[in-house]
Every structure is written in C-alpha cells, then in structure tokens.
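See structure below.
The values are calculated or read from the model by the stated rules, or taken from the named source; none is laboratory data. Just so it is clear, the structure is predicted and the values come from calculations on it, not from any experiment. Cβ placement follows ideal geometry from the backbone for every residue including glycine, while neighbour counts extend to all protein chains displayed.
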Amino acid sequence: MDDKISQIRSNIGRRLIGKPEAVDLILCALLSRGHVLIEDVPGTGKTTLAQALAMSIGCSFRRIQFTPDVMPSDITGFSMLDTASGNFSFKPGVIFNQVVLADEINRTSPKTQSALLEVMQENQVTVDGVSYRVPEPFMVLATQNPVEYVGTFPLPEAQLDRFFIRVSLGYPKPEDEALILDKHDRREDVFPAEAVAEAGDVLALQEDTDKIHASPALKRYIAAIASKTRGHKDVLLGISPRGAIFLLYAAKASAFLAGKEYATPDDVQKMTQPVLAHRLILTPEARLKSTTAAQVLSGIIGDTPLPEA
C-alpha cells in the first residue's frame with residue numbers, strides 16, 4: 001500500500017476509533033472519485049468521519065444541514081445583479097468545496113435533493129445556462145437516519161444510484177467505546193493536528209488506482225453478477241450499468257489498498273454489498289418475507305462461477 005494512503009488511514013483512525021472497515025470503504029470511494037451515503041442512527045460518528053477525512057487530506061470542507069427550507073440555490077449558488085455595473089455575477093454555493101457533508105439529506109425536499117444530481121455525476125453545476133466546475137478532488141458524503149421517517153423525503157432511485165457506496169458505522173465495541181469515553185473524559189483534542197496529505201496527493205493516488213489491472217475475465221464476472229440481479233425473482237429493479245462500473249472501480253480500489261497490482265474476484269466479492277445493496281429495489285413480496293438486498297446479493301455471489309485464472 002502507498003505510504004500516503006497509510007498515513008491518511010491512520011490519521012482518520014485517531015478520530016474514528018474502532019471502525020477500520022468503514023474507513024477503508026471511505027478510502028475506496030475517495031480513490032475511485034465516488035460519493036458516499038452514510039446511513040446510521042445519530043451519534044455513531046458520521047460527521048466525525050467526514051471531518052476527519054477532509055482534515056487528513058488537507059481539502060476544503062463544508063457541511064450542509066439539510067432541512068425542509070433549504071433551497072437549491074443554497075447548494076449550487078445563484079446569479080446576483082450588480083447594480084453598479086448592471087451585470088450579473090455568480091455567487092457560489094456551499095457545493096464549491098472539495099469535501100461536502102450533506103447532513104440528513106433525506107430531510108430536504110426532492111427539488112433540493114435533485115440539485116446534487118448534476119454535480120455528483122459531472123463535477124459541475126449549471127446556473128442560468130452557465131456551467132461551473134467544482135474543485136478537485138471532489139466528494140459528497142451524505143448522511144441519513146434509517147429508522148426515522150417522520151418529516152423525511154426518501155431518496156429516489158436516481159439519487160441513490162449516484163452514490164458510489166453505502167456505509168453503516170454501527171455501534172462501537174465495548175472496548176472501543178471505553179477508549180472514546182476516556183478521550184472525552186480528559187477533553188482530549190482527538191482531531192488530527194494537521195493534514196498528512198494535500199489535494200495533489202489525492203489526485204495522484206486516484207491516478208495510481210486507475211492503473212490497477214482488471215482482466216477481461218474479471219469484467220465478465222462483474223457483468224454476470226449485474227445481469228443476475230436483473231432477472232432475480234425477488235428483485236424489481238436490478239443493477240444499472242453505472243452500478244457495474246462502480247463495482248469495477250471499487251474492486252480496483254480494494255486491490256490498491258491491499259498493495260496489489262491487479263484486482264481479483266475476492267476484491268469484487270468484498271465490495272459487492274457496499275456498492276450494490278442500496279441500488280437494488282426488491283419486490284413487495286420479497287419485502288413481506290423480510291428478504292434483504294444483502295441476502296439476494298449473497299445468493300447471487302454464491303451462484304456465479306468464479307472466473308478462470
């Protein structure tokens with residue numbers, strides 16, 4: 001593994017205690033230029049993770065607290081008339097930062113949610129017919145509470161499909177929670193004191209990840225997994241080609257984190273759940289039987305022959 005990515009991982013781990021798997025998933029998304037949906041109950045470290053990532057890689061960071069009264073222009077920006085010159089000037093919104101935390105994204109209206117669609121796909125926003133690029137590297141981390149539905153607007157399929165992975169932090173283990181309590185009892189400043197990387201380092205790491213080899217057989221393996229989701233009896237809406245592409249990118253990022261020069265079926269299987277589970281729409285009958293997307297994907301992985309070496 002690259003020394004720089006090891007430093008980033010370690011620096012985030014100083015703040016987010018006991019969650020190395022979640023940190024690795026976030027780093028896979030960063031290396032793949034993807035966006036992350038963090039779904040968990042309040043108080044489990046969602047905001048902490050986003051802040052620690054931005055600070056560790058030396059990138060600009062802004063947090064948007066999504067509420068019903070947030071407007072699309074608050075996110076993308078707007079054109080303002082300069083009365084002195086008589087010309088319009090563009091006032092950038094909060095999205096013009098490198099790491100953006102969209103906190104409680106399902107608490108704002110669908111109209112405001114849709115303001116993120118273009119920038120999450122094309123790294124640009126269009127206001128009054130003019131397109132503006134956001135700074136690179138660019139990453140959106142969105143959070144939502146999976147157990148609270150009052151006053152929320154569920155994310156549509158098009159929005160969910162823009163997220164590279166979905167991550168759930170979960171509660172800490174008792175021994176990790178004891179460490180957290182100890183740090184807070186001493187009022188210790190557990191945020192990373194300084195960045196261990198900068199934007200240029202992240203861009204270089206992303207280019208190195210792009211060079212990880214994926215064989216034609218591995219690509220056929222991914223395609224077979226995606227195809228089986230579309231014909232599964234419990235699935236109403238299967239994996240889109242974008243989802244299959246993201247799984248390829250995730251497998252290459254997983255291989256890079258492991259210090260390998262090529263992606264393997266193990267990398268694909270490791271990343272299948274985080275990348276694909278939130279994209280599957282199950283049939284009403286499957287939901288009545290309490291079938292989950294994770295169960296469906298596990299069955300598909302078990303039924304899909306491994307590619308030959």
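Condition check for Gln98 on (1) over 19 Å from Leu30 (Cβ atoms); (2) surrounded by 13 or more Cβ atoms within 10 Å (Cβ to Cβ): one failure, at (1).
Please verify whether Ala84 is of a type in the set (A, V, I, L, M), out of contact with any Phe, Trp or Tyr (no Cβ under 7 Å at 6 or more places or on another chain) and not assigned by TED's automatic domain parsing to the domain that holds Cys28, treating the condition exactly as stated. The answer is yes for Ala84.
Of the residues Gly58, Gly45, the single one that is modelled with pLDDT under 90, at positive phi and assigned by TED's automatic domain parsing to the domain that holds Ala158 is Gly45.
For segment 51-140, which helices (runs of 4 or more DSSP H) that fit wholly inside it have 3 or more residues that are of a type outside the set (S, T, N, Q) and either in contact (Cβ under 8 Å) with a residue 60 or more places away in the chain or touching a strand residue (DSSP E or B) at 6+ places or on another chain (Cβ under 7 Å) (or both)? Steps first, please.
On the way: elements: 72-76, 110-113, 117-122.
Once the helices (runs of 4 or more DSSP H) in segment 51-140 are filtered for at least 3 residues that are of a type outside the set (S, T, N, Q) and either in contact (Cβ under 8 Å) with a residue 60 or more places away in the chain or touching a strand residue (DSSP E or B) at 6+ places or on another chain (Cβ under 7 Å) (or both), what remains is 117-122.
Scan Arg133, Arg166 and give me the residue that is among the basic types (Lys, Arg) and surrounded by fewer than 16 Cβ atoms within 10 Å (Cβ to Cβ).
Working: Arg166 fails: surrounded by fewer than 16 Cβ atoms within 10 Å (Cβ to Cβ).
On inspection, the qualifying residue turns out to be Arg133.
If you check Glu148 against the conditions, is it charged (D, E, K, R), within 30 Å of Asn106 (Cβ to Cβ) and modelled with pLDDT under 85? Against the criterion (charged (D, E, K, R), within 30 Å of Asn106 (Cβ to Cβ) and modelled with pLDDT under 85), Glu148 qualifies.
Taking the conditions exactly as written (in contact with an Asp or Glu (Cβ under 8 Å, 6 or more places away or on another chain), at pLDDT 85 or above and not β-branched (Val, Ile, Thr)), does Ser215 satisfy them or not? Break it down stepwise before answering.
Numbers: in contact with an Asp or Glu (Cβ under 8 Å, 6 or more places away or on another chain): no; at pLDDT 85 or above: yes; not β-branched (Val, Ile, Thr): yes.
No; evaluated as a whole, the condition is false for this residue.
So, in segment 126-136, of the ones that are under 19 Å from the mean Cα position of the chain (by Cα) and of a type outside the set (D, E, K, R), which residue ends up nearest to Ser73 (Cα to Cα)?
Going through segment 126-136, the residues under 19 Å from the mean Cα position of the chain (by Cα) turn out to be 134-136.
From what's left, of a type outside the set (D, E, K, R): 134-135.
Working: Val134: 15, Pro135: 18 Å.
Step by step, filter segment 126-136, then rank; the result is Val134.
Each residue in segment 24-49 was checked for being more than 16 Å from Leu101 (Cα to Cα) and in a helix (DSSP H, G or I), and 4 of them qualify.
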